[in-house]
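A.B. asks: Take a look at the following structure, please.
The values are calculated or read from the model by the stated rules, or taken from the named source; none is laboratory data. Source: prediction; values computed, not measured. Virtual Cβ from ideal backbone geometry, glycine too; neighbours counted across all protein chains shown. Accessible surface is based on the protein model in full, side chains and every heavy atom, while ligands, DNA and RNA are left aside. Shrake-Rupley method; radii C 1.70, N 1.55, O 1.52, S 1.80 Å.
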2 protein chains.
Amino acid sequence: MTMRNIYVKNTPLAEARKKWHSALSACGFYTKVLTETVSVDDCLGRITAEPIFAHRSSPAHNASAMDGISVNFADLAAASEASPVILPPEKFQQVNTGNAIPEGFNAVVMIEDVHFLDNGGAQLHMPATPWQHIRTIGEDIVATELILPEGHRIRPIDQGAMLATGVTTIPVQRKPKATVIPTGSELIQPDAAPKPGEIIEFNSRILAGYLQDWGADAHRHKPVQDDPDLLRAALKKAAAENDLVVLNAGASAGTRDYSASVLAEIGDVIVHGVAIKPGKPVILAIIDNTPVVGLPGYPVSAVLTMRIFVKEMLAKLLNHDLDQHGHIEATMSRPVHSAMGVDEFVRITLGRVGQTLMATPAGKGAGAVMSLVRGDGLLTIPAGNEGVGAGEKVSIELLRPKAEVDATLVFIGSHDNILDLMANQLHREKPFTRISSAHVGSMGGIMAIRRNEAHMAGCHLLDEATGEYNIPFIKRLLPNVPLQLINLCYREQGLMLAKGNPHNISGFSDMVNRNLMFINRQGGAGTRLLTDKVMGDLGIPPEQLAGYDHEEYTHMSVAAAVASGSADAGMGIRAAAMALGLDFVPVTEERYDLIIPALFIKDPKVIKVLELIRTNTMFHQKILALGGYDLRDIGQIMYQQN
Amino acid sequence: MTMRNIYVKNTPLAEARKKWHSALSACGFYTKVLTETVSVDDCLGRITAEPIFAHRSSPAHNASAMDGISVNFADLAAASEASPVILPPEKFQQVNTGNAIPEGFNAVVMIEDVHFLDNGGAQLHMPATPWQHIRTIGEDIVATELILPEGHRIRPIDQGAMLATGVTTIPVQRKPKATVIPTGSELIQPDAAPKPGEIIEFNSRILAGYLQDWGADAHRHKPVQDDPDLLRAALKKAAAENDLVVLNAGASAGTRDYSASVLAEIGDVIVHGVAIKPGKPVILAIIDNTPVVGLPGYPVSAVLTMRIFVKEMLAKLLNHDLDQHGHIEATMSRPVHSAMGVDEFVRITLGRVGQTLMATPAGKGAGAVMSLVRGDGLLTIPAGNEGVGAGEKVSIELLRPKAEVDATLVFIGSHDNILDLMANQLHREKPFTRISSAHVGSMGGIMAIRRNEAHMAGCHLLDEATGEYNIPFIKRLLPNVPLQLINLCYREQGLMLAKGNPHNISGFSDMVNRNLMFINRQGGAGTRLLTDKVMGDLGIPPEQLAGYDHEEYTHMSVAAAVASGSADAGMGIRAAAMALGLDFVPVTEERYDLIIPALFIKDPKVIKVLELIRTNTMFHQKILALGGYDLRDIGQIMYQQN
């Protein structure tokens, strides 16, 4: 067997932070002089590195503030409506706004108050006060006065103020130079289709993007193969040319992870392994006074770990506040358990349903990029804590502006492909509505409505006894909740099969007879109940169907498993089969409704949804194009409970 | 006389807006297709022009979620601590995180749970569940699912999600192209020193900067001379090449303003003149379906007018919310009168003193760029209103983040050059403190403390009867206010004179005898009282001193008037004279103290100021370098009132 270095330490986060910051201080990272001189024309958004003082006064000369004539105020002392004063041409001079006040004059009379005479003179009906309508030198700012303090982010008006006072170049913070080095022989570029075992290299783009957002001049290194010599050379060069190096992957303990040993060889490893989740195998090292941060390979782990160690470094170096969206208090909708001794970072979905802002833990997969795309916030469970309970108040670090969270309609329940179309359409309109949808099946949606955690739930539950959809379940499970049940669609359910139906499957019996692999939906899903009913009608017990225990959470995941060959068939809607080009054997048509509590029926976000499904024929066309839908009752109230 | 076109209309704002928006709709401005295709690598911060769907599933294949071995879960059904199962080499395969699951395997066992045997086999002590530690195909997202809705600003994680699913180029909003054309023969570039009557061209930089901030691809045209032929040619070309043209200056009614007539000749003038203040002479026109907005020449008028007409256009075109910092409720500290029939836009300084957020109208000058640099917000007084009263609650549009407003220490009172140094030093530290200072003289500062409108006031008032500074005034004017009087400095006051003292002035008597021009400070300023005392002691009545009635508000403004030759002498501090290289004849040394109400002595911002003046010796060195200061009592409590 290959040697494995599986002994990554478990340094507590606080201790790791402390060690790292001492090391950074010792290597002079925080005292770097990061200054460069730029033209004021090019300094928008940059940060002043020194206080900026006016070079010249503005205005630079006494100037007319009006269109009119410049006069000597003493000449008009006697002027009145009854006995106007007539000035001969040499006693006044015409000026436009901005013109210099000619020598010997000390007031301006507005053009509207001047009666010009044919002989070139001017008749005036009012006295003037000294310096009236004159912008005196330095009225706005006097040479040597402070225009902008150090550490100020430059706005367009600031550029104008500097240029107005003769400041044309200024010292600004130079952006620290950072390079992200992806490592791994399995990495391929995003334009190629990955073969099994190949991984698309997109982490370096995400990491460089955040470094850029945090004020660095970030670059991407080309991927380095799993070869200690290549890695050593790349790290040495990057450390010499950058203020900060981020190394991605190669920090855990797989067979081909050389990062730690190479870093120990050419630099000082300050910390290897921190008691955080996700992100444990992080490496913090210094090569020739340049900090190198080795991040785990999973995108979510890499991003969260970089936020913990690198964001703070840049905030301190640049003297910035990088807490973009702030924190918000929310109430946990369910408990999260966490191991003692580990600082855990949990992605959170937020939804304001009624008065309460509910925080729900999002998907846990460390590879799940979409969980960060969709995530609204981060919850930190400190090492000294075993977790948080349902109903507990927590502080959430926002990952998106609060306004977007407030604009979020919370949809929990059964999954349908129409939701993507709906989410996009509502996001287009202004002010936009975001849809946050959790696909927990029809029963999960009903429970969310009961706990008051969702604005609406999607539901397609067939009551075997009555043959009726949804209403019997509502009567039984939501007896006291005033609500409306509104139809979204009828849709075809059936078996999704590989393209061309190579096994010639026409139903469940073929599956069992030929020992083919099924893929199922999770318990509580309407589609699971349908599957069980169909199998029951055929007299097929679950244990006879291979793969019955392998569960997925959406029609699309089932379709993907069939498309990849992991399974030979799965139950789902025609739209999902069509999306992935699968064959489809129809089993039944079912009704899919929206449960909306009366409490939210007048919520502007809900009103928008209802308007969309009831009146937007373009939207209807798009649904029908997905395949397998019938919209004969769309928007109709199927049942109401007061 | 030259012909003048002084008849600019006074269209009410609401009507102007309506006309303009109909014209924009009619010329197709809002329905422009603004789309371009960019590489996902280059799309950070751009806005999606269409919904983005996954091209491929992610993961693209079933892959190991751990470092370990892939197995068939059925082979381990019987494994336990007591009777481990031994797998021969052909029944498992080693996998690293991310590796594809080899054909025929359906579970992964973590490396930590595997005991490798010398014969190449693996000993296992636990059963495995189907698909354990396997990331199944499409676990994160399935091909054809929605990644990002239309109109979404792309973040680094979004780039990762797109690349992970094979999306490498996307349609994004093309930025509308805008050009700013400055006009006027008097304009010079910022690197030259302006001669009388010349104006530095910096408006186009400010305007292009804001257009950029609002999402346009903004460019600056070179200045166009006051020549209708040149202007006509420039406008025609710009309209053909841009989505939007901004013309600056030439919109009022001076002798050489050709904008309106040229626009009428080559396009349609929709509105010329709107009942707004500032910004009345705005021109809204269309040339060949391209909107052209003619803005007034004064920078503040130009910026405010562009905010009113152009920001809205871009927000609507790009379907963005451009209200950057939101609105805030504040209480007016003094009344603002406004003409009926005119929508007035008032720059506001905000300060949270105690519980109340006070809004104070800032400087009114339309040319005062610094008033917008320093301004915190904008108050709109609608046309139907005669103004707002003191104590009235108003809604203020924020021009800077609320956090900066909350970090503001409000200083009202006498001006001293140390304030610039202090403002810079406090801004450097984190969290920073901003100083907003209003220079209204020592008496104005005392009154602000009385009205509870300032955290501190600067004061240098000599009581003639006792020869004592400040304390007698506090006892008389602030008898019931618990406070501390803390010394900032002693400073030299004297006559500031042109460099080299060409008139050989040694005191006020020389000024009167030679009929030289004085420049005074405003009533209520400590320096004004000092001037009056010195003149009184010399027996000089005000009317004998030319220029006695010409008032300025700061030492630096007086120094600037002397430096420019507008006046021959003015009273002020040595630091101001030194800053502008003036001669200085000392008159007296005076004491300058800070009045701080007991209520604010523990305010973190005040604590920072006191720490700075009491302990920062570098700061002391910088003060002494200004000239004319003595810091023998800096930070000492001179008087206390409980």
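A.B. asks: Just a yes or no: is a residue in region A:188-198 more than 8 Å from chain B (Cβ to nearest Cβ), in contact with a strand residue (DSSP E or B) (Cβ under 8 Å, 6 or more places away or on another chain) and surrounded by 24 or more Cβ atoms within 10 Å (Cβ to Cβ)?
C.D. replies: No, region A:188-198 contains no residue that is more than 8 Å from chain B (Cβ to nearest Cβ), in contact with a strand residue (DSSP E or B) (Cβ under 8 Å, 6 or more places away or on another chain) and surrounded by 24 or more Cβ atoms within 10 Å (Cβ to Cβ).
A.B. asks: Out of A:A260, A:A233, report the one residue that is in contact (Cβ under 8 Å) with a residue 40 or more places away in the chain and more than 8 Å from chain B (Cβ to nearest Cβ).
C.D. replies: Step by step, each of A:A260, A:A233 is checked, and only A:A260 is in contact (Cβ under 8 Å) with a residue 40 or more places away in the chain and more than 8 Å from chain B (Cβ to nearest Cβ).
A.B. asks: Take region B:361-398 and flag every residue that is polar (S, T, N, Q) and modelled with pLDDT under 90.
C.D. replies: The one that is polar (S, T, N, Q) and modelled with pLDDT under 90: B:S371.
A.B. asks: Applying the selection to region B:81-100, what residues are at pLDDT 90 or above and either closer than 22 Å to A:V558 by Cβ or open to solvent by 40 Å² or more (accessible area, probe 1.4 Å) (or both)?
C.D. replies: B:E81, B:A82, B:S83, B:P84, B:I86, B:P88, B:P89, B:E90, B:K91, B:Q93, B:Q94
A.B. asks: Of all residues in region B:127-146, which are more than 7 Å from chain A (Cβ to nearest Cβ) and in contact with a helix residue (DSSP H, G or I) (Cβ under 8 Å, 6 or more places away or on another chain)?
C.D. replies: The answer is B:P127, B:A128, B:T129, B:Q132.
A.B. asks: Within region A:83-99, is there a residue that is within 11 Å of another protein chain (Cβ to nearest Cβ) and basic (K, R)?
C.D. replies: no
A.B. asks: Then there's this: Being open to solvent by 30 Å² or more (accessible area, probe 1.4 Å), in the same structural domain as A:M578 (by TED's automatic domain parsing), touching a residue at least 12 places away in the same chain (Cβ under 8 Å) and not aliphatic (A, V, I, L, M), is that true of even one residue in region A:535-543?
C.D. replies: Looking for residues that are open to solvent by 30 Å² or more (accessible area, probe 1.4 Å), in the same structural domain as A:M578 (by TED's automatic domain parsing), touching a residue at least 12 places away in the same chain (Cβ under 8 Å) and not aliphatic (A, V, I, L, M), one finds none in region A:535-543, hence no.
A.B. asks: Related question: Out of all the residues in region A:448-458, is one or more surrounded by 20 or more Cβ atoms within 10 Å (Cβ to Cβ) and within 14 Å of chain B (Cβ to nearest Cβ)?
C.D. replies: No: zero hits.
A.B. asks: Do we have A:P431 as surrounded by fewer than 23 Cβ atoms within 10 Å (Cβ to Cβ) and at pLDDT 95 or above here?
C.D. replies: Judged against the criteria, A:P431 is not a match.
A.B. asks: Exactly one of these conditions fails for B:V108: (1) crowded, with 16+ Cβ neighbours inside 10 Å; (2) within 12 Å of another protein chain (Cβ to nearest Cβ). Give me its number.
C.D. replies: Looking at each condition in turn, B:V108 falls short on (2).
A.B. asks: Any idea which of (1) within 13 Å of another protein chain (Cβ to nearest Cβ); (2) open to solvent by 10 Å² or more (accessible area, probe 1.4 Å) is the one A:E201 doesn't satisfy?
C.D. replies: Exception for A:E201: condition (2).
A.B. asks: Please enumerate the residues belonging to region A:283-296 that are in a loop (DSSP other than H, G, I, E, B) and either β-branched (V, I, T) or open to solvent by less than 40 Å² (accessible area, probe 1.4 Å) (or both).
C.D. replies: A:P296 - this is the single residue of region A:283-296 that is in a loop (DSSP other than H, G, I, E, B) and either β-branched (V, I, T) or open to solvent by less than 40 Å² (accessible area, probe 1.4 Å) (or both).
A.B. asks: If a residue has to be touching a Lys or Arg at 6+ places or on another chain (Cβ under 9 Å), among the charged types (D, E, K, R) and in a loop (DSSP other than H, G, I, E, B) to count, how many in region A:33-81 make the cut?
C.D. replies: Result for region A:33-81: 2.
A.B. asks: Kindly provide the set of residues from region A:204-221 that are more than 9 Å from every other protein chain (Cβ to nearest Cβ) and among the acidic types (D, E), ordered by number.
C.D. replies: A:D217
This table checks each residue for (1) away from chain B (no Cβ under 13 Å); (2) more than 16 Å from the chain's Cα centre (by Cα); (3) over 18 Å from A:G635 (Cα atoms); (4) charged (D, E, K, R).
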| residue | (1), (2), (3), (4) |
| --- | --- |
| A:A403 | no, no, yes, no |
| A:A407 | no, no, yes, no |
| A:V410 | yes, yes, yes, no |
| A:S414 | yes, yes, no, no |
| A:L419 | no, yes, no, no |
| A:Q425 | no, yes, no, no |
| A:R428 | no, yes, yes, yes |
| A:A438 | yes, yes, yes, no |
| A:G441 | yes, yes, yes, no |
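A.B. asks: Scan A:V224, A:V180, A:V172 and give me the residue that is under 24 Å from the mean Cα position of the chain (by Cα) and either within 30 Å of B:I170 (Cβ to Cβ) or more than 7 Å from chain B (Cβ to nearest Cβ) (or both).
C.D. replies: Among A:V224, A:V180, A:V172, only A:V180 is under 24 Å from the mean Cα position of the chain (by Cα) and either within 30 Å of B:I170 (Cβ to Cβ) or more than 7 Å from chain B (Cβ to nearest Cβ) (or both).
A.B. asks: Another question about this same structure. If I filter region B:113-152 down to residues being closer than 23 Å to A:A546 by Cα and among the hydroxyl-bearing types (S, T, Y), which single residue comes out as most open to solvent (accessible area, probe 1.4 Å)?
C.D. replies: Filtering first and then ranking leaves B:T129.
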